[in-house]
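Peer 1: Below is the structure I would like to discuss, written out as structure tokens.
Where a number appears in this text, it was derived from the coordinates with a stated rule and is not lab data. Please read all numbers here as calculations on a predicted model, not as lab measurements. Glycine also receives a Cβ, built like all others from the backbone with ideal geometry; neighbour counts cover every protein chain displayed.
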Amino acid sequence: MEKEIKMPRLREEMKEGVLCAWLKEEGESFKKGEPLYEIETDKVVNQVEAEEDGVLEKQLVEEGDVVPCGEKIGEVRVDE
Amino acid sequence: MSKPLKKPDWLKVPYDPKAVNEVASLMKDLKLNTVCNEANCPNLGECFMKHTATFMILGSHCTRNCRFCNVTHAAPETVDPDEPENLARAARQLGLRHVVITQVTRDDLPDGGAQQFAECLKALHELCPGTTVEVLTSDLKGDHDALDVVLKAGPDVFNHNVEMPKELYSKVRPQARYERSLDVLRYVKETYPNVLTKTGFMLGLGEMDEEIDVLMDDLIETGCDILTISQYLQPSPEHYPLQRYVTPEEFEQYKERALEKGFRFVMSTPLVRSSYRAAEAMEGAKESRAE
């Protein structure tokens, strides 16, 4: 099943986030709980973890891009 | 405005969106605030994943406006009479064995919010027997009667943060007073010697090494048991400018120095916060006292 990854809202007041790094390449598989990408907020760099097993299909934004919360940043294929 | 400093590798933290949402919605349902959320705590992801949180009572608006802190400074809210029971219910639902309760500073209330602390302690003792409780209070305007109200309700740990050396108060915490905070810690230790006292300060605000030395001496003189030392993280470009990131090695050196000076238990790493792994700190101090 294909799924979208969206820029998460890590805090209620957060409007946009910086995607600092992808931690998986396109085509690379991952397990639930593994960090997929990094988002920098004012205080720290958050390593956002996968919610289920899958494969990263597409990276739709570049590292360093500022992306509004809720906007699509990538696509994954997860096990049914 | 100067460009923010590049974040070092040791400031990377895990974030599990699902676990964070679970704890956040429980708090919302019970109309509770957490300092984790209000202060934009860097450990929120780790703690919420472990289903632990630090409750922040008496609203989400602080009557003081410290330049290092992310908590909103605004007109104070009405005290919620259901808060103590809701807090105890949340603690039970999360299965917390050690609960930390902090507050927004309420200089508008005659007792600074002491009675609400006492009510929360009562509710927790009733609903979650056997659970230990740590209170992290404001200076309660240095009022010993207000401190008595909190302490007579039986917390296991009394925590009050001194935050920084004396020299920085006028620039960063103008509405607080260094001597008053020391007096709060001293009074509690002298009057309730069986309660563990705890305090914390930040590094990276521009403090000098000698100032930290004096600060540690002043804290030890109050009889303080537990010390937390953490990295100041600037909540936004409008807050007090971060001067530098202190390395984990330097944190380790400060820890050794604090232990040499006589603190029973010291937590000192960049991401330590005053209620971070609070149960561990309490147990560590108890063991040290038993020796």
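Peer 1: With the requirement that a residue be touching a Lys or Arg at 6+ places or on another chain (Cβ under 9 Å) and facing another protein chain (nearest Cβ under 10 Å), what does segment B:18-41 give you?
Peer 2: Hits for segment B:18-41 are B:19, B:37, B:39, B:40, B:41.
Peer 1: Still on this structure, I have one more. Which strands (runs of 3 or more DSSP E) does chain A wholly contain that include 2 or more residues that are within 14 Å of another protein chain (Cβ to nearest Cβ)?
Peer 2: Ranges flagged: A:2-6, A:16-22, A:35-40, A:45-49, A:72-78.
Peer 1: Just checking, does segment B:75-91 include any residue being crowded, with 18+ Cβ neighbours inside 10 Å and more than 26 Å from residue B:25 (Cβ to Cβ)?
Peer 2: No, there is no match, as no residue in segment B:75-91 is crowded, with 18+ Cβ neighbours inside 10 Å and more than 26 Å from residue B:25 (Cβ to Cβ).
Peer 1: Could you check how many residues of segment B:141-177 are touching a strand residue (DSSP E or B) at 6+ places or on another chain (Cβ under 9 Å) and either without any contact (Cβ under 8 Å) to a residue 12 or more places away in the chain or not aliphatic (A, V, I, L, M) (or both)?
Peer 2: So the answer is 11.
Peer 1: Being of a type in the set (A, V, I, L, M, F, W, C), within 14 Å of chain A (Cβ to nearest Cβ) and under 20 Å from residue B:275 (Cα atoms) is the filter here, so list the residues in segment B:221-258 that pass it.
Peer 2: B:233
Peer 1: Can you work out which of the residues in segment A:1-27 that are surrounded by 13 or more Cβ atoms within 10 Å (Cβ to Cβ) and within 13 Å of residue A:78 (Cα to Cα) is farthest from the chain's Cα centre (by Cα)?
Peer 2: Of everything passing the filter in segment A:1-27, A:3 is farthest from the chain's Cα centre (by Cα).
Peer 1: Is there any pair linking a residue in segment B:42-55 that is facing chain A (nearest Cβ under 9 Å) and on the phi > 0 side of the Ramachandran plot to one that is assigned to a helix (DSSP H, G or I) and surrounded by 19 or more Cβ atoms within 10 Å (Cβ to Cβ), with Cβ under 7 Å and at least six apart or on different chains, and which?
Peer 2: Cβ pairs passing all conditions: none.
Peer 1: Which ranges mark the helices (runs of 4 or more DSSP H) fully within segment B:202-291 that have 3 or more residues being crowded, with 19+ Cβ neighbours inside 10 Å and hydrophobic (A, V, I, L, M, F, W, C)?
Peer 2: On the way: elements: B:209-221, B:248-261, B:278-290.
Result: B:209-221, B:278-290.
Peer 1: Which members of segment B:92-133 meet the condition of being surrounded by fewer than 18 Cβ atoms within 10 Å (Cβ to Cβ), not basic (Lys, Arg) and not in a helix (DSSP H, G or I)?
Peer 2: Matches in segment B:92-133: B:95, B:107, B:108, B:110, B:129, B:130, B:131.
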